[in-house]
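K.L.:
Got a structure for you, questions after.
Derivation of every value follows stated rules applied to the coordinates shown; laboratory data play no part. Please read these numbers as outputs of a predicted model, since none were measured by experiment. Backbone-built Cβ (ideal geometry, glycine too); neighbour counts: all protein chains shown.
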Amino acid sequence: MPKPTYRFCAGPWNFSEGRDPYGPETRAAHSFDWKLSALKKLGFDAMMFHDDDAVPNIDTKSATQVLKEAKELKKRLDGEGIVAEMVAPRLWFAPQTIDGGYTSNRKADRQYAIDRSKQTLDIARVLGTDLIVLWLAREGTYLRESKSGARSTELLVDALDAMLAHDKKARLCIEPKPNEPMDHAYIPTIGHALAIAQLTRDPKRIGCLIESAHSILAGLDPADEIDFAMAFGKLWSLHLNDQNGLKFDQDKPFGSANLRVAFNQIRALERNGYGSRGEYVAFDVHPFRTTREEHYLKHLDNSRKTFLRLVEKARSYPTKQADALIADRNYQDLDQLVIEHLLGR
Ligand code: XUL
Ligand code: MN
């Protein structure tokens with residue numbers, strides 16, 4: 001298989017200002033144009049969007065106005081030579097989504113979620129991408145007795161069907177996450193995402209997006225999730241980052257918490273040819289709260305550097321030696337071989 005040349009992507013939210021639940025911003029916000037040209041300078045090729053990153057204050061605007069602004073954005077992207085990779089409906093911020101989007105217990109609120117998702121498909125078409133990402137943020141519960149899991153599965157299928165019917169060319173990419181903001185989410189892993197696709201009107205147009213941190217939060221190895229999704233030809237997008245154990249979603253720079261887990265993700269991408277069908281490598285990373293303004297872009301630049309260094313490591317991995325150790329069931333020395341390789345010997 002030819003070795004892919006990777007292309008990189010990030011979203012406007014990845015230039016975050018340091019706010020957390022316990023304290024305010026620690027860095028001044030930059031304009032959208034600043035972020036766009038920063039990405040270009042960093043050697044990134046694409047930007048990913050929430051619907052309201054593409055069209056701010058989207059709920060206050062008419063459908064015509066929304067599409068007009070999306071067209072203006074497309075021109076700005078073309079001018080900068082940056083592609084729109086995907087658009088994702090932000091279904092976790094509005095008052096209508098307090099109890100979830102597609103699985104809310106209120107019919108009118110479920111309709112809001114579906115209407116907003118359909119509009120996201122319209123925005124994506126204008127931006128020149130067929131890829132819709134669904135991070136199902138509030139499709140779960142704080143307490144299980146508040147919703148029926150069986151009913152919620154039906155409602156999720158109805159919502160996916162409505163989107164598939166709205167645009168016959170769009171591809172829907174489910175981004176699973178097991179928790180946060182919810183106690184338990186209904187689609188916590190890639191297996192769940194691929195399984196629910198089978199209940200829809202067009203499973204071929206449903207794939208998935210793996211985020212390293214989300215797999216780790218589910219107690220899984222992201223490399224296994226990558227291999228599994230790619231065995232089905234379903235890994236259509238990727239959010240690389242890192243996560244130190246089971247706690248709040250950290251979105252650390254790629255490789256920051258566990259270099260070996262990062263290395264194994266790269267090996268999985270390489271052996272499955274990720275990128276050779278036009279898929280992007282996105283870094284869903286945030287600066288640390290302590291990061292000063294002059295270092296605003298380091299988390300993105302460093303994630304890309306680490307990624308490329310680990311690609312070199314994957315390509316120079318001593319496969320013959322490793323295979324001999326595997327044949328001899330000498331996993332003790334295999335372990336050390338990997339460590340020595342990562343340490344540079
Ligand atoms: C949340 C997350 C989102 C999605 C896009 O944990 O990763 O930023 O990637 O909605
Ligand atoms: Mn993500």
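K.L.:
Run down R292, R315, R329 and say which single residue is within 21 Å of G43 (Cβ to Cβ) and among the basic types (K, R). Don't jump to the end; show me each part of the working.
P.N.:
Details: R292 fails: within 21 Å of G43 (Cβ to Cβ); R329 fails: within 21 Å of G43 (Cβ to Cβ).
None of the other options fit; the residue is R315.
K.L.:
Now for a different question. Output the residue which, of all residues in the range 217-254 that are among the hydrophobic types (A, V, I, L, M, F, W, C) and over 17 Å from L269 (Cα atoms), is nearest to ligand 2 (Cβ to nearest atom). Before you say what the answer is, go through the steps one by one.
P.N.:
Filtering the range 217-254 down to residues among the hydrophobic types (A, V, I, L, M, F, W, C) leaves 217-218, 220, 223, 226, 228-232, 235-236, 238, 240, 246, 248, 254.
From the residues that got through so far, the ones that are over 17 Å from L269 (Cα atoms) too are 217-218, 246, 248.
Working: L217: 12, A218: 14, L246: 18, F248: 14 Å.
Per the stated criteria, the residue is L217.
K.L.:
Only one of these is among the β-branched types (V, I, T) and under 20 Å from the mean Cα position of the chain (by Cα): T97, T103, T5, T26. Name it. Break it down into steps so the answer makes sense when it comes.
P.N.:
Numbers: T97 fails: under 20 Å from the mean Cα position of the chain (by Cα); T103 fails: under 20 Å from the mean Cα position of the chain (by Cα); T26 fails: under 20 Å from the mean Cα position of the chain (by Cα).
The unique qualifying residue is T5.
K.L.:
Within the range 58-73, is even one residue within 30 Å of Y6 (Cα to Cα), in contact (Cβ under 8 Å) with a residue 12 or more places away in the chain and within 16 Å of ligand 2 (Cβ to nearest atom)?
P.N.:
The answer is no, given that none of the residues of the range 58-73 is within 30 Å of Y6 (Cα to Cα), in contact (Cβ under 8 Å) with a residue 12 or more places away in the chain and within 16 Å of ligand 2 (Cβ to nearest atom).
K.L.:
Given the conditions (1) over 18 Å from the mean Cα position of the chain (by Cα); (2) of a type outside the set (A, V, I, L, M); (3) crowded, with 17+ Cβ neighbours inside 10 Å; (4) within 16 Å of ligand 1 (Cβ to nearest atom), and given that K247 satisfies all but one, which numbered condition is not satisfied?
P.N.:
Every listed condition holds for K247 apart from (3).
K.L.:
Among the listed residues T120, T141, identify the single one that is more than 16 Å from ligand 1 (Cβ to nearest atom) and polar (S, T, N, Q). Even if it seems obvious, please write down each step before you answer.
P.N.:
Numbers: T120 fails: more than 16 Å from ligand 1 (Cβ to nearest atom).
Answer to the check: T141.
K.L.:
Hey, another quick one. Determine which member of the set I210, I226, I206, I216 is in contact with a Leu (Cβ under 9 Å, 6 or more places away or on another chain) and without any contact (Cβ under 8 Å) to a residue 40 or more places away in the chain.
P.N.:
One residue alone meets the criteria, I210.
K.L.:
Could you look through the range 228-286, keep only residues that are among the hydroxyl-bearing types (S, T, Y) and in a loop (DSSP other than H, G, I, E, B), and pick out the one that is nearest to M47 (Cα to Cα)? Step through it out loud before you land on a result.
P.N.:
Taking the range 228-286 and keeping what is among the hydroxyl-bearing types (S, T, Y), we get 237, 256, 274, 276, 280.
Imposing the further condition that a residue be in a loop (DSSP other than H, G, I, E, B) reduces the set to 256, 274, 276, 280.
Values: S256: 23, Y274: 18, S276: 19, Y280: 10 Å.
Ranking the qualifying residues of the range 228-286, first place goes to Y280.
K.L.:
Here's a follow-up. Select from the range 309-332 the residues that are surrounded by 13 or more Cβ atoms within 10 Å (Cβ to Cβ) and assigned to a helix (DSSP H, G or I) and list them in ascending order.
P.N.:
Across the range 309-332, the qualifying residues are R309, L310, V311, K313, A314, Q321, A322, A324, L325.
K.L.:
Right, another one. Restricting to the range 178-193, name every residue that is within 14 Å of ligand 2 (Cβ to nearest atom) and in contact (Cβ under 8 Å) with a residue 60 or more places away in the chain.
P.N.:
E180, P181
K.L.:
Right, next: So which pairs qualify, if the first residue must be in the range 319-345 and closer than 17 Å to F263 by Cβ, the second must be of a type in the set (F, W, Y) and in a loop (DSSP other than H, G, I, E, B), the Cβ gap must be under 7 Å, and the two must be at least 6 apart or on different chains?
P.N.:
H341/Y317
K.L.:
Here's a follow-up. On the given criteria, is L131 buried (at least 18 other Cβ atoms within 10 Å of the Cβ), in contact with a Lys or Arg (Cβ under 7 Å, 6 or more places away or on another chain) and under 30 Å from R271 (Cα atoms)?
P.N.:
Values: buried (at least 18 other Cβ atoms within 10 Å of the Cβ): yes; in contact with a Lys or Arg (Cβ under 7 Å, 6 or more places away or on another chain): yes; under 30 Å from R271 (Cα atoms): yes.
In short, yes.
K.L.:
Filter the range 194-203 down to residues that are in contact (Cβ under 8 Å) with a residue 40 or more places away in the chain and in a helix (DSSP H, G or I), then give me how many there are.
P.N.:
2
K.L.:
Of (1) within 16 Å of ligand 2 (Cβ to nearest atom); (2) crowded, with 24+ Cβ neighbours inside 10 Å, G101 satisfies all except one. Which?
P.N.:
(1)
K.L.:
Taking Y296, is it within 20 Å of D251 (Cα to Cα), crowded, with 18+ Cβ neighbours inside 10 Å and more than 16 Å from ligand 2 (Cβ to nearest atom)? Explain how you work it out, then say what you get.
P.N.:
Details: within 20 Å of D251 (Cα to Cα): yes; crowded, with 18+ Cβ neighbours inside 10 Å: yes; more than 16 Å from ligand 2 (Cβ to nearest atom): yes.
Judged against the criteria, Y296 is a match.
K.L.:
Kindly evaluate D109 against the criterion of being more than 16 Å from ligand 2 (Cβ to nearest atom) and either closer than 20 Å to W236 by Cβ or among the hydroxyl-bearing types (S, T, Y) (or both).
P.N.:
Numbers: more than 16 Å from ligand 2 (Cβ to nearest atom): yes; either closer than 20 Å to W236 by Cβ or among the hydroxyl-bearing types (S, T, Y) (or both): no.
So D109 fails the test.
K.L.:
Looking at D323, is it over 26 Å from A29 (Cα atoms) and either away from ligand 1 (no atom under 16 Å from the Cβ) or not acidic (D, E) (or both)?
P.N.:
Numbers: over 26 Å from A29 (Cα atoms): yes; either away from ligand 1 (no atom under 16 Å from the Cβ) or not acidic (D, E) (or both): yes.
The answer is yes for D323.
K.L.:
Hey, among the residues in the range 210-241 that are farther than 14 Å from G191 by Cβ and of a type in the set (A, V, I, L, M), which one's nearest to ligand 1 (Cβ to nearest atom)?
P.N.:
The initial filter retains those residues of the range 210-241 that are farther than 14 Å from G191 by Cβ, namely 211-213, 216-217, 223, 233, 236-241.
So of that shortlist, the ones also of a type in the set (A, V, I, L, M) come out as 213, 216-217, 223, 238, 240.
On the way: A213: 7, I216: 12, L217: 9, A223: 18, L238: 10, L240: 11 Å.
Among those residues, the one meeting the criterion is A213.
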